[in-house]
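Notes follow once the structure below has been shown.
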Amino acid sequence: MRLRISLRLRLILLVLLALIPALLLILNAGLDRRQMAARMVQDDALRLARLAANNHQQLIENTHQLLIGLSNVTALRRGDDTEGSALLARLISTNPLYANIGAIRPDGSVAASALPLGGNVNLADRSYFRRAIETRQFVIGEYQIGRITHKATVNFGLPLIDESGRVERVLFAALDLSWLNRLAVDAHLPPGGTLTVTDSSGTILVRYPEPDSWVGKSVPDVPLVRNAAGGEGLAQAPGVDGVIRLYAFSPLKSGMGGGVYVSIGIPADAAFAEANRTLLRD
């Protein structure tokens, strides 16, 4: 009886020893598939982040041309501000990319605006206005929550110079950053996928999904934000909501030296789902 048991144990041990190399091969193949899945997901996310950056750069040039065209409108230079505001209101109704378009007097007070002002509004402290006055060139401002629009925007300014060389107005256009949300929708991110835009101080400017819950929050210590500040790259890290995702990030080029980053996140569970299923089947 003991001999039979001993022989049986030996046979079992021999079978197990024979299976170990196969199990190791299966585990190694599974790890390879996970790594390949991670690379594919992050490559796709990086392409989307780069697309966002390139589209943003094109929008900057389009905005420059728009302001140059508006610089020839008499009502916006020194004419009827009521007429100018009405013209801008019609213009913005056909250009949903812009949260507002207007003209600012040299003292910083808003002379014309596509959106109703609801009182006196002064923008003398805005960086794009000050730089437009100083440089007398087309300028790009900081990313901000608009004082008139109450939205996350980047503002552009173009000074209007009169015959004597004096700045008579500064035209401005506020680009609504929510166009990035539409980009995320069109990309058909998987459930749990995110698009986040943060500035150099860690403030969230755009968030998909649930923008209303996140825009304006400061999260400088989140690992994703610290990683993104290093420039274009990839990472597996907790996002601003604490969920670990595979991320790709790229700076939004603006001519300001960067400082704003778009991050695309794909949940790790979704990225590894097929590789995990194959591993369990094997």
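The values are calculated or read from the model by the stated rules, or taken from the named source; none is laboratory data. All of these numbers come straight from a predicted model, not from anything done at the bench. Positions of Cβ are backbone-derived with ideal geometry, glycine not excepted, and every protein chain shown enters the neighbour counts. With ligands, DNA and RNA removed, areas are computed over all heavy atoms of the protein, side chains included. Shrake-Rupley method; radii C 1.70, N 1.55, O 1.52, S 1.80 Å.
Is it the case that some residue within segment 230-247 is of a type in the set (Phe, Trp, Tyr) and not in a strand (DSSP E or B)?
Checked segment 230-247: no residue is of a type in the set (Phe, Trp, Tyr) and not in a strand (DSSP E or B).
Tally up the residues in segment 198-217 that are among the hydroxyl-bearing types (Ser, Thr, Tyr), open to solvent by 40 Å² or more (accessible area, probe 1.4 Å) and at pLDDT 80 or above, please.
Within segment 198-217, residues that are among the hydroxyl-bearing types (Ser, Thr, Tyr), open to solvent by 40 Å² or more (accessible area, probe 1.4 Å) and at pLDDT 80 or above number 2.
Working only within segment 95-109, note down all residues that are modelled with pLDDT of 90 or more and either of a type in the set (Gly, Ala, Ser) or over 21 Å from Phe129 (Cα atoms) (or both).
Across segment 95-109, the qualifying residues are Ala99, Gly102, Ala103, Gly108, Ser109.
List, please: which pairs have Cβ atoms under 8 Å, are six or more places apart or on different chains, and start with a residue in segment 89-107 that is on the phi < 0 side of the Ramachandran plot and end with one that is among the acidic types (Asp, Glu) and in a strand (DSSP E or B)?
Going by the 8 Å Cβ cut-off, the qualifying pairs are Pro96/Asp176; Leu97/Asp176; Tyr98/Asp176; Ala99/Asp176; Pro106/Glu168.
Consider Pro251 carefully, then state whether it is open to solvent by 20 Å² or more (accessible area, probe 1.4 Å), on the phi < 0 side of the Ramachandran plot, free of Cβ contacts under 8 Å to residues at least 24 places away in the same chain and not charged (D, E, K, R).
Considered against the rule, which asks whether it is open to solvent by 20 Å² or more (accessible area, probe 1.4 Å), on the phi < 0 side of the Ramachandran plot, free of Cβ contacts under 8 Å to residues at least 24 places away in the same chain and not charged (D, E, K, R), Pro251 comes out as no.
When residues of segment 42-80 are filtered for being part of a helix (DSSP H, G or I) and open to solvent by 30 Å² or more (accessible area, probe 1.4 Å), how many remain?
18
Of the conditions (1) at pLDDT 75 or above; (2) touching a strand residue (DSSP E or B) at 6+ places or on another chain (Cβ under 9 Å); (3) farther than 29 Å from Phe249 by Cα, Asn72 satisfies every one except a single condition; which number is it?
Going through (1) at pLDDT 75 or above; (2) touching a strand residue (DSSP E or B) at 6+ places or on another chain (Cβ under 9 Å); (3) farther than 29 Å from Phe249 by Cα one by one, Asn72 breaks only (2).
Quick one: Val240 ticks every box in (1) closer than 27 Å to Arg131 by Cβ; (2) under 16 Å from the mean Cα position of the chain (by Cα); (3) aliphatic (A, V, I, L, M) bar one, so which box is it?
For Val240, the exception is condition (1).
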